Amino acid sequence: MTSPAASPSWSAPFDADLTDELALALRLADAADAVTMARFDAADLDVQVKADATHVTEADLATERAIRDILSHERPNDGILGEEFGEDAGVASGTQPSGGTRQWIIDPIDGTANYLKGIPMWTTLIALAIDGVPRVGVASQPALGRRWWAATGLGAWTNTPSGEPARLAVSGVTNVAEASVSFQSIAQWDEVGRADDLLRLSRAVWRDRGYGDTWPYMLLAEGRLEFVAEFDVKEYDIAALVPIVTEAGGRFTDIDGTDSISSRSSLATNGALHDDFLTLLASPTSTGQTR
């Protein structure tokens, strides 16, 4: 698949006002929350197994449809890439009059395995990539009453019990030995031949845990972690996370330091430690191979 997100120009100047696009993304998240929560922990939830052996529920499908329906009316010229229904170029192939390419990237339920088991750690992810760079991102966890959002130039934010949004900022930790990290799962690293790298990482840092899925990236944006990395990620798994992490002051690349969401790996840090972690992970035995 070739998509606008495949060859991002991360360093390209960007000064457009994304206020309206962020507002739309938040409304899309509201619509998604209504669908997902209506079927969460339902005893008769329909669950199927896809060709890649992962699960999909009726809620995954209905949520992506709800988001696509709104976009088809409000942004018909924009492209869409979703986990469940693939890629749609839009009525104008996603290209705007200005020449920019726009694509909404959707994961209706990130953490479907949790959703179908009634575990509240799952997230709807909504991103807008412009010329291949994720510029708007929303991560919504309605079962826990949490949401995070960001857009280039507008900062990164989360909701609070008082109802007032709080601005996010990554931690100021500058020593790897003082860092708290999330590695997702041992199996992921082992499957790509990098279990030794993970072990070396765990020995170098203060604390390591496998929190899983979207949540550790949000903990990083909140300043509670310094490193999150994983493998076998698709564009829709991470696009929404990029602006949230970067607008909070962090850095987001693939595992080898390339600015990409299509490399099937991800590395997010507080920024200050990014190069140190890249050096730590670049052992002679690391192939950089991802599946």
Could you grab the pairs with beta carbons closer than 6 Å, sequence gap of 6+ or different chains, first residue in the stretch 76-102 and of a type in the set (K, R), second one at pLDDT 65 or above?
R102/D78; R102/I130
Matching option when the condition is of a type in the set (G, A, S), over 19 Å from the mean Cα position of the chain (by Cα) and surrounded by 16 or more Cβ atoms within 10 Å (Cβ to Cβ), among A62, A129:
A62
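If you take the residues of the stretch 172-192 that are of a type in the set (G, A, S) and at pLDDT 95 or above, which of them is farthest from L219 (Cα to Cα)? Walk me through it before giving the result.
Restricting attention to the stretch 172-192, the residues satisfying the condition of being of a type in the set (G, A, S) are 172, 177, 179-180, 182, 185, 187.
Next cut, at pLDDT 95 or above only: 172, 177, 179-180, 182.
On the way: G172: 14, A177: 18, A179: 13, S180: 10, S182: 10 Å.
Ranking the qualifying residues of the stretch 172-192, first place goes to A177.
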Would you point out the residue of the stretch 223-249, among those that are surrounded by fewer than 24 Cβ atoms within 10 Å (Cβ to Cβ) and of a type in the set (F, W, Y), that is nearest to L128 (Cα to Cα)?
Y236
Can you tell me which residue among D275, D208 is free of Cβ contacts under 8 Å to residues at least 40 places away in the same chain, open to solvent by 30 Å² or more (accessible area, probe 1.4 Å), part of a strand (DSSP E or B) and closer than 28 Å to R167 by Cβ?
D208
Selected residue [surrounded by fewer than 17 Cβ atoms within 10 Å (Cβ to Cβ) and either touching a Pro at 6+ places or on another chain (Cβ under 9 Å) or among the β-branched types (V, I, T) (or both)] from T36, T54:
T54
Out of the residues in the stretch 21-33 that are among the small types (G, A, S) and closer than 9 Å to T63 by Cα, which is least open to solvent (accessible area, probe 1.4 Å)?
A32
Can you name the residue in the stretch 167-194 that is surrounded by fewer than 15 Cβ atoms within 10 Å (Cβ to Cβ) and among the aliphatic types (A, V, I, L, M) and is also farthest from the chain's Cα centre (by Cα) among such residues?
A177
Looking for whichever is touching a residue at least 60 places away in the same chain (Cβ under 8 Å) and at positive phi here; the options are D41, D17, D33. Which one fits?
D41
Sort through L201, L220 and tell me the only one that's open to solvent by less than 10 Å² (accessible area, probe 1.4 Å), touching a helix residue (DSSP H, G or I) at 6+ places or on another chain (Cβ under 8 Å), more than 18 Å from Q141 (Cα to Cα) and not in a strand (DSSP E or B).
L201
Tell me, please, whether a residue that is modelled with pLDDT under 95, aromatic (F, W, Y) and within 27 Å of L154 (Cβ to Cβ) can be found in the stretch 210-224.
yes
Those residues of the stretch 84-102 which are at pLDDT below 95, part of a loop (DSSP other than H, G, I, E, B) and in contact with a strand residue (DSSP E or B) (Cβ under 8 Å, 6 or more places away or on another chain), in sequence order
A89, G90, S93, G94, Q96, G100
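The values are calculated or read from the model by the stated rules, or taken from the named source; none is laboratory data. Note that the structure is a prediction, hence the values are computed from the model and not measured. Neighbour counts are summed over all protein chains in view; Cβ atoms, including those assigned to glycine, are modelled from backbone coordinates with ideal geometry. Calculation scope for accessible area: heavy atoms of the full protein, side chains included, ligands and nucleic acids excluded. Shrake-Rupley method; radii C 1.70, N 1.55, O 1.52, S 1.80 Å.
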